[in-house]
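One structure coming up, written as structure tokens, with questions to follow.
The values are calculated or read from the model by the stated rules, or taken from the named source; none is laboratory data. Remember, predicted model here, so these are calculated numbers, not experimental data. Here the Cβ is made from the backbone with ideal geometry for all residues, glycine too, and neighbour counts use every protein chain on show. Calculation scope for accessible area: heavy atoms of the full protein, side chains included, ligands and nucleic acids excluded. Shrake-Rupley method; radii C 1.70, N 1.55, O 1.52, S 1.80 Å.
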Amino acid sequence: MEVFEIVDEITPATVADSLKALDEAVDGNEIKIRLPYNGGGSVEAAIWLIEAIKETKASVIVEVDRYVISAAAFIFFWFCIYPESHVEAKTTGQPAIVVYHRPRMIIDNHLAFLNDLNEQAEEWEALKEFTEIFDKLFEYLIAACGYTAANENIYEYNHCELKHQLRHVRDGYYSNQDFVMPA
């Protein structure tokens with residue numbers, strides 16, 4: 001089995017060897033993509049890796065260790081929500097934390113989410129495309145956690161109006177906050 005560790009960050013450079021091996025694989029090959037201690041990085045490189053994993057002839061394990069954030073979490077959750085017969089998404093057997101949030105860019109040391117930009121910003125189109133992909137995956141993910149339309153209802157309790165815990169999770173995500181989940 002070939003093992004590729006993508007530590008710290010998802011970038012075109014850190015996924016390059018994995019992409020090459022996935023592309024050149026033949027039936028019977030086994031490839032493990034390990035994402036230990038990964039803080040995320042490039043959404044575009046994450047999408048390249050997902051597409052290469054989907055298209056490869058090899059059997060693939062996407063394995064997380066300790067924590068994965070942002071683009072790395074996107075890769076892991078992708079194969080949890082959209083399973084492929086030749087791909088297994090798992091942990092090393094130790095608990096891991098997955099931190100998922102909407103795509104963002106750093107502009108002059110400031111975080112920019114899609115709702116911070118307007119259509120005239122040069123980053124708008126790419127960020128809009130990535131945000132739509134992340135949001136769609138999030139909707140499937142939160143549904144897998146038990147979210148339904150009924151969770152939108154306000155709960156009346158002792159003259160108070162309370163929100164369901166999954167509505168808070170959903171509201172937080174769409175307010176550009178992190179969604180944290182053990183794996």
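Set the Förster radius R0 to 45 Å, insert the Cβ-Cβ distance between residue 29 and residue 107 as r into 1/(1 + (r/R0)^6), and round the FRET efficiency to 0.05.
0.65
Leaving ligands, DNA and RNA out of it, report the carbon-plus-sulfur percent of the accessible area of the chain at a 1.4 Å probe. Spell out each step's value before the answer.
Numbers: 4910 of 10130 Å².
It is 48 percent, rounded to a whole number.
Can you tell me the accessible area per residue over the chain, all protein chains present, probe 1.4 angstrom, in square angstrom?
Values: 10130 Å² over 183 residues.
It amounts to 55 Å² per residue over the chain.
Could you work out the helix-only [θ] at 222 nm for the chain, with each DSSP H run of four or more residues adding -39,500 (n - 2.57) and the total divided by the number of residues, to the nearest 500 deg cm²/dmol?
Using -39500 (n - 2.57) per qualifying helix, the result is -12000 deg cm²/dmol.
Does anyone have the angle between helix 12-24 and the longest principal axis of the chain? Alpha-carbon axes, 0 to 90°, nearest 10?
For 12-24 against the chain, the angle is about 60 degrees.
Rounded to the nearest 10 Å², what accessible area does residue 54 have for a 1.4 Å probe in the complete protein model?
Approximately 60 Å² for this residue.
May I ask you to derive the relative contact order of the stretch 1-129, considering only C-alpha pairs under 8 Å and at least 6 residues apart, and to give it as an integer percent? Don't skip to the end; give the middle numbers.
Details: 242 pairs, mean separation 27.4, N = 129.
It rounds to 21 percent for the stretch 1-129.
If you don't mind, another one. Say R0 is 30 Å: what FRET efficiency, to the nearest 0.05, do residue 168 and residue 118 get from their beta-carbon distance?
Numbers: r = 29 Å, r/R0 = 0.95.
FRET efficiency, residue 168 to residue 118: 0.55.
Projecting each Cα onto the charge dipole of the chain (Lys/Arg +1, Asp/Glu -1 at the beta carbon, about the Cα centre), which of 15, 118, 70 comes out farthest on the positive side?
Checking the options against the dipole of the chain, the answer is 70.
Report the extension gain between residue 148 and residue 90 in nm, rounded to one decimal, defined as 0.36 nm multiplied by the number of residues separating them, less their alpha carbon distance.
Details: separation 58, 0.36 × 58 = 20.88 nm, distance 2.58 nm.
Answer, rounded to one decimal: 18.3 nm.
Additional query: What's the local net charge at residue 61, with K and R +1, D and E -1, over the other residues with C-beta under 10 Å away? Can you show the working numbers first?
Working: positive: 32, 34, 90; negative: 30, 63, 88.
That sum, taken over residues with Cβ under 10 Å, equals 0.
Can you list which of the trypsin sites (Lys or Arg not before Pro) found in the stretch 102-183 are DSSP loop residues with at most 16 other C-beta atoms within 10 Å?
On the way: sites: 104, 128, 136, 163, 167, 170; in loops: 104, 163.
Sparse-neighbourhood loop trypsin sites (Lys or Arg not before Pro): 163.
Next question. Could you give the length gained by full extension between residue 81 and residue 157, i.e. 0.36 nm per residue of separation minus their alpha carbon distance, to one decimal place? Let's see the in-between values first.
Details: separation 76, 0.36 × 76 = 27.36 nm, distance 3.46 nm.
Taking residue 81 through residue 157 to full extension adds about 23.9 nm, to one decimal.
Please work out how much accessible surface residue 7 shows to a 1.4 Å probe, ignoring ligands, DNA and RNA, in Å² rounded to 10.
60 Å²
Work out the charge dipole of the stretch 61-170 with +1 on the Cβ of Lys and Arg and -1 on the Cβ of Asp and Glu about the Cα centre, then indicate which of 89, 109, 157 is farthest towards its positive end.
Checked the options; the winner is 157.
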